[in-house]
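J.: Sharing a structure with you now.
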Amino acid sequence: MKRAIVIGASSGIGKDVARLLLADGWHLGVAARRTDLLEQLKSEFPERVTVACIDVTSDDAPRRLLQLIDELGGVGLFFYSSGIGKQNMMLDKDVEMRTVETNVKGFTQMIDTIYNYMSEHQGGQIAAITSIASTKGLGAAPSYSATKSFQAHYIEALQQQANMRSLNIRFTDIQPGFVDTALLGDGHNYPMLLRLEDVARQIVRAVYRQKGRCVIDWRYRMLTFFWRLIPRWLWVRLKIRTS
(Lines give C-alpha, C1' and ligand atoms only; values in the text may rest on other atoms or scores of the structure.)
Protein backbone atom coordinates (compact mmCIF):
# COMPACT_ATOMS: atom_id res chain seq x y z
CA MET A 1 0.00 0.00 0.00
CA LYS A 2 1.30 3.45 -0.94
CA ARG A 3 1.23 5.71 2.12
CA ALA A 4 2.23 9.38 2.21
CA ILE A 5 2.12 12.29 4.64
CA VAL A 6 1.42 15.77 3.25
CA ILE A 7 2.16 18.67 5.59
CA GLY A 8 0.43 21.87 4.53
CA ALA A 9 -2.34 20.11 2.59
CA SER A 10 -5.11 22.61 3.32
CA SER A 11 -4.32 24.93 0.41
CA GLY A 12 -1.94 25.81 -2.39
CA ILE A 13 0.73 23.41 -3.57
CA GLY A 14 0.19 20.94 -0.74
CA LYS A 15 -3.51 20.60 -1.49
CA ASP A 16 -3.00 20.07 -5.23
CA VAL A 17 -0.20 17.55 -4.70
CA ALA A 18 -2.39 15.67 -2.21
CA ARG A 19 -5.18 15.44 -4.77
CA LEU A 20 -2.81 14.12 -7.43
CA LEU A 21 -1.49 11.46 -5.06
CA LEU A 22 -5.02 10.43 -4.14
CA ALA A 23 -5.93 10.17 -7.81
CA ASP A 24 -2.95 7.83 -8.16
CA GLY A 25 -4.16 5.50 -5.42
CA TRP A 26 -2.17 6.70 -2.41
CA HIS A 27 -3.40 6.57 1.18
CA LEU A 28 -2.68 9.95 2.77
CA GLY A 29 -2.17 11.48 6.17
CA VAL A 30 -2.85 15.18 5.67
CA ALA A 31 -2.01 17.88 8.17
CA ALA A 32 -2.31 21.63 8.57
CA ARG A 33 -3.47 24.16 11.12
CA ARG A 34 -6.89 24.47 9.43
CA THR A 35 -8.53 21.07 9.66
CA ASP A 36 -11.87 22.21 8.22
CA LEU A 37 -10.31 22.33 4.75
CA LEU A 38 -8.72 18.93 5.32
CA GLU A 39 -12.07 17.45 6.31
CA GLN A 40 -13.42 18.45 2.89
CA LEU A 41 -10.70 16.30 1.33
CA LYS A 42 -11.48 13.43 3.67
CA SER A 43 -15.18 13.58 2.75
CA GLU A 44 -14.21 12.88 -0.87
CA PHE A 45 -11.85 10.00 0.02
CA PRO A 46 -13.09 8.74 3.40
CA GLU A 47 -11.23 5.42 3.21
CA ARG A 48 -7.90 6.85 2.16
CA VAL A 49 -7.45 10.13 4.07
CA THR A 50 -6.43 10.58 7.70
CA VAL A 51 -6.57 14.12 9.07
CA ALA A 52 -4.43 15.77 11.76
CA CYS A 53 -4.19 19.29 13.12
CA ILE A 54 -0.51 20.21 13.23
CA ASP A 55 1.03 23.64 13.72
CA VAL A 56 4.63 23.01 12.64
CA THR A 57 5.93 25.71 15.00
CA SER A 58 4.32 24.15 18.07
CA ASP A 59 6.48 22.16 20.47
CA ASP A 60 4.08 19.21 20.24
CA ALA A 61 4.25 19.07 16.42
CA PRO A 62 6.73 16.14 16.35
CA ARG A 63 4.48 14.09 18.63
CA ARG A 64 1.44 14.86 16.50
CA LEU A 65 3.33 13.87 13.35
CA LEU A 66 4.32 10.51 14.81
CA GLN A 67 0.74 9.96 15.93
CA LEU A 68 -0.48 10.67 12.37
CA ILE A 69 2.03 8.19 10.95
CA ASP A 70 0.81 5.58 13.44
CA GLU A 71 -2.83 6.17 12.48
CA LEU A 72 -1.93 5.92 8.79
CA GLY A 73 -0.10 2.66 9.38
CA GLY A 74 3.33 3.81 8.25
CA VAL A 75 4.73 6.15 5.63
CA GLY A 76 6.87 5.79 2.52
CA LEU A 77 6.67 9.37 1.22
CA PHE A 78 6.77 12.57 3.25
CA PHE A 79 5.86 15.78 1.41
CA TYR A 80 6.46 19.07 3.21
CA SER A 81 4.68 22.15 1.86
CA SER A 82 4.33 24.39 4.89
CA GLY A 83 5.96 27.81 4.87
CA ILE A 84 5.48 31.55 4.87
CA GLY A 85 7.21 34.57 3.42
CA LYS A 86 6.63 38.06 2.14
CA GLN A 87 8.48 41.08 0.86
CA ASN A 88 9.81 43.20 3.70
CA MET A 89 11.78 46.18 2.41
CA MET A 90 11.24 48.08 5.67
CA LEU A 91 12.49 45.09 7.70
CA ASP A 92 9.48 44.74 9.97
CA LYS A 93 10.74 42.65 12.91
CA ASP A 94 7.52 40.67 13.34
CA VAL A 95 7.56 39.59 9.69
CA GLU A 96 11.16 38.45 9.91
CA MET A 97 10.71 36.53 13.15
CA ARG A 98 7.49 34.79 12.08
CA THR A 99 9.23 33.70 8.89
CA VAL A 100 12.20 32.33 10.82
CA GLU A 101 9.97 30.51 13.31
CA THR A 102 7.96 28.80 10.58
CA ASN A 103 10.62 28.20 7.94
CA VAL A 104 13.45 27.25 10.29
CA LYS A 105 12.04 25.93 13.58
CA GLY A 106 8.92 24.37 12.06
CA PHE A 107 10.76 22.95 9.08
CA THR A 108 13.62 21.54 11.15
CA GLN A 109 11.55 19.74 13.75
CA MET A 110 9.25 18.22 11.14
CA ILE A 111 12.08 17.09 8.85
CA ASP A 112 14.10 15.75 11.79
CA THR A 113 11.13 13.78 13.08
CA ILE A 114 10.42 12.06 9.77
CA TYR A 115 14.13 11.50 9.09
CA ASN A 116 14.59 9.75 12.43
CA TYR A 117 11.42 7.74 11.89
CA MET A 118 12.53 6.57 8.45
CA SER A 119 16.02 5.76 9.72
CA GLU A 120 14.36 3.25 12.07
CA HIS A 121 11.69 1.97 9.66
CA GLN A 122 13.41 0.87 6.44
CA GLY A 123 13.74 4.32 4.87
CA GLY A 124 11.55 6.27 2.48
CA GLN A 125 11.47 9.53 0.54
CA ILE A 126 11.38 13.07 1.91
CA ALA A 127 10.31 15.83 -0.48
CA ALA A 128 10.13 19.47 0.57
CA ILE A 129 9.20 22.77 -1.02
CA THR A 130 12.05 25.25 -0.68
CA SER A 131 12.32 27.99 -3.33
CA ILE A 132 14.48 29.54 -6.03
CA ALA A 133 14.92 32.26 -3.37
CA SER A 134 17.45 29.91 -1.78
CA THR A 135 19.85 30.70 -4.64
CA LYS A 136 20.88 34.17 -3.50
CA GLY A 137 20.08 36.65 -0.76
CA LEU A 138 17.19 38.81 -1.96
CA GLY A 139 17.01 42.31 -0.51
CA ALA A 140 13.25 42.50 -1.03
CA ALA A 141 12.66 39.45 1.20
CA PRO A 142 15.63 38.96 3.54
CA SER A 143 14.29 36.37 5.98
CA TYR A 144 12.45 34.47 3.27
CA SER A 145 15.48 33.97 1.05
CA ALA A 146 17.70 33.24 4.06
CA THR A 147 15.35 30.63 5.51
CA LYS A 148 14.87 28.99 2.12
CA SER A 149 18.64 28.76 1.77
CA PHE A 150 18.71 27.12 5.21
CA GLN A 151 16.11 24.58 4.09
CA ALA A 152 17.92 23.71 0.86
CA HIS A 153 21.24 23.25 2.65
CA TYR A 154 19.63 21.27 5.46
CA ILE A 155 18.15 18.81 2.98
CA GLU A 156 21.50 18.52 1.22
CA ALA A 157 23.28 17.88 4.52
CA LEU A 158 20.80 15.21 5.57
CA GLN A 159 21.12 13.48 2.22
CA GLN A 160 24.88 13.34 2.73
CA GLN A 161 24.38 12.07 6.27
CA ALA A 162 21.95 9.40 5.08
CA ASN A 163 24.57 8.18 2.62
CA MET A 164 27.25 8.21 5.32
CA ARG A 165 25.00 6.11 7.56
CA SER A 166 23.88 3.84 4.69
CA LEU A 167 20.24 4.78 5.27
CA ASN A 168 17.67 4.12 2.58
CA ILE A 169 16.32 7.69 2.69
CA ARG A 170 16.04 9.77 -0.47
CA PHE A 171 15.45 13.51 -0.68
CA THR A 172 13.80 15.72 -3.28
CA ASP A 173 14.33 19.49 -2.97
CA ILE A 174 11.53 21.24 -4.88
CA GLN A 175 12.41 24.82 -5.86
CA PRO A 176 9.54 26.63 -7.57
CA GLY A 177 9.54 30.17 -8.84
CA PHE A 178 6.51 32.40 -8.28
CA VAL A 179 3.38 30.24 -8.03
CA ASP A 180 -0.15 31.60 -8.21
CA THR A 181 -1.20 30.82 -4.62
CA ALA A 182 -2.52 32.76 -1.63
CA LEU A 183 1.07 33.17 -0.41
CA LEU A 184 1.56 35.80 -3.11
CA GLY A 185 -1.69 37.59 -2.37
CA ASP A 186 0.10 40.69 -1.06
CA GLY A 187 -0.84 43.14 -3.78
CA HIS A 188 2.40 42.84 -5.75
CA ASN A 189 2.52 41.91 -9.42
CA TYR A 190 4.90 38.96 -9.72
CA PRO A 191 6.67 38.16 -13.00
CA MET A 192 6.67 34.73 -14.67
CA LEU A 193 3.79 33.55 -12.47
CA LEU A 194 3.31 29.77 -12.63
CA ARG A 195 -0.05 28.00 -12.72
CA LEU A 196 -0.63 25.98 -9.56
CA GLU A 197 -1.92 22.94 -11.45
CA ASP A 198 1.17 22.80 -13.67
CA VAL A 199 3.51 23.13 -10.68
CA ALA A 200 1.77 20.31 -8.78
CA ARG A 201 2.07 17.95 -11.75
CA GLN A 202 5.78 18.73 -12.16
CA ILE A 203 6.34 18.15 -8.45
CA VAL A 204 4.69 14.73 -8.47
CA ARG A 205 6.71 13.79 -11.56
CA ALA A 206 9.95 14.85 -9.85
CA VAL A 207 9.04 12.89 -6.71
CA TYR A 208 8.27 9.75 -8.69
CA ARG A 209 11.59 10.08 -10.51
CA GLN A 210 13.34 10.63 -7.16
CA LYS A 211 15.15 13.72 -8.35
CA GLY A 212 17.55 15.23 -5.86
CA ARG A 213 16.59 18.78 -6.82
CA CYS A 214 13.93 20.13 -9.13
CA VAL A 215 13.70 23.80 -10.13
CA ILE A 216 10.27 24.63 -11.58
CA ASP A 217 10.03 25.59 -14.44
CA TRP A 218 12.55 25.90 -17.33
CA ARG A 219 12.51 29.71 -17.16
CA TYR A 220 13.48 29.64 -13.51
CA ARG A 221 16.14 27.02 -14.19
CA MET A 222 17.73 29.46 -16.63
CA LEU A 223 17.31 32.39 -14.24
CA THR A 224 18.91 30.66 -11.26
CA PHE A 225 21.72 29.32 -13.46
CA PHE A 226 22.74 32.87 -14.33
CA TRP A 227 22.14 34.11 -10.78
CA ARG A 228 24.75 31.65 -9.54
CA LEU A 229 27.30 33.07 -11.99
CA ILE A 230 27.02 36.59 -10.60
CA PRO A 231 29.84 37.36 -8.12
CA ARG A 232 28.89 38.60 -4.68
CA TRP A 233 30.42 42.07 -5.15
CA LEU A 234 28.15 42.63 -8.14
CA TRP A 235 25.07 40.88 -6.77
CA VAL A 236 24.80 43.13 -3.72
CA ARG A 237 24.82 46.18 -6.00
CA LEU A 238 21.97 44.97 -8.19
CA LYS A 239 18.43 46.21 -7.67
CA ILE A 240 16.67 42.84 -7.81
CA ARG A 241 12.95 43.37 -7.51
CA THR A 242 10.33 40.66 -7.30
CA SER A 243 7.45 42.74 -8.61
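The values are calculated or read from the model by the stated rules, or taken from the named source; none is laboratory data. Bear in mind that the values here come from a model prediction, so they are computed numbers and not experimental data. Cβ: placed from backbone, ideal geometry, glycine included. Neighbour counts: every protein chain shown. For the accessible areas, the whole protein counts, side chains as well, though only heavy atoms, and no ligand, DNA or RNA atoms are used. Shrake-Rupley method; radii C 1.70, N 1.55, O 1.52, S 1.80 Å.
J.: For the chain, set up a Gaussian network in which alpha carbons nearer than 10 Å are linked by springs, and say which option among Asp92, Asp60, Asp217 fluctuates the most.
T.: Among Asp92, Asp60, Asp217, the largest mean-square fluctuation in the Gaussian network model of the chain belongs to Asp92.
J.: Quote the relative contact order of the range 33-125 in percent (integer), defining contacts as alpha-carbon pairs under 8 Å separated by 6+ residues.
T.: 30
J.: Under 19 Å Cα to Cα from Lys42, which lysines show up? Leave out anything in the same chain fewer than 8 places away.
T.: The reachable lysines, counting only those whose Cα sits under 19 Å from Lys42, are Lys2, Lys15.
J.: Continuing with the same structure: Just to confirm a number: summing +1 for Lys and Arg and -1 for Asp and Glu over residues other than Ala127 whose beta-carbon lies under 12 angstrom from that of Ala127, what do you get?
T.: +4
J.: Let me ask something additional. Would you mind calculating the gained length between Met164 and Ser119 on full extension (0.36 nm times residue separation, minus the Cα-Cα distance), in nm to one decimal?
T.: Numbers: separation 45, 0.36 × 45 = 16.20 nm, distance 1.23 nm.
Full extension from Met164 to Ser119 adds 15.0 nm.
J.: Would you tally the net charge around Asn103, using a Cβ to Cβ cut-off of less than 12 Å, leaving Asn103 out, and scoring K and R as +1, D and E as -1? Show your work: numbers first, answer last.
T.: Working: positive: Lys86, Arg98, Lys105, Lys148; negative: Glu96, Glu101.
Summing Lys and Arg as +1 and Asp and Glu as -1 gives +2.
J.: For Lys239, give me every one of the lysines with a C-alpha distance below 19 angstrom, ignoring sequence neighbours fewer than eight places off in its own chain.
T.: In chain and number order, the partners are Lys86, Lys136.
J.: Between Met118, Met97, Met110, find the one with the highest GNM mean-square fluctuation for the chain; connect C-alpha pairs within less than 10 Å.
T.: Met97
J.: Less than 13 Å Cβ to Cβ from Ala152, Lys/Arg counted +1 and Asp/Glu -1: what total charge do the surrounding residues give?
T.: +2
J.: Something else: Using a 1.4 Å probe on the protein chains only, how many percent of the accessible area of the chain belongs to carbon and sulfur?
T.: Using a 1.4 Å probe with all protein chains present, the chain comes out at 52 percent carbon and sulfur.
J.: For the chain, what is the accessible area per residue in Å² when the probe is 1.4 Å? Don't jump to the answer; show the numbers that get you there.
T.: Working: 12310 Å² over 243 residues.
Accessible area per residue: 51 Å².
J.: If you don't mind, another one. Can you spot the aspartates and glutamates whose alpha carbon is less than 19 Å from Lys105's alpha carbon? Ignore those fewer than 8 places along the same chain.
T.: Correct list for Lys105: Asp55, Asp59, Asp60, Asp94, Glu96, Glu156, Asp173.
J.: Running a GNM on the chain with Cα contacts under 10 Å, which residue among Arg165, Arg213, Arg195 ends up with the highest mean-square fluctuation?
T.: With Cα springs under 10 Å in the chain, the top fluctuation among Arg165, Arg213, Arg195 is at Arg165.
J.: According to a simple spin-label model (label point 7 Å from Cα along Cα-to-Cβ), what is the distance in nm between Ala23 and Thr35?
T.: Calculated label separation equals 2.8 nm.
J.: Based solely on its DSSP helices, what 222 nm [θ] is calculated for the chain when runs of n ≥ 4 H residues each add -39,500 (n - 2.57) and the sum is averaged over all residues, nearest 500 deg cm²/dmol?
T.: -14000 deg cm²/dmol
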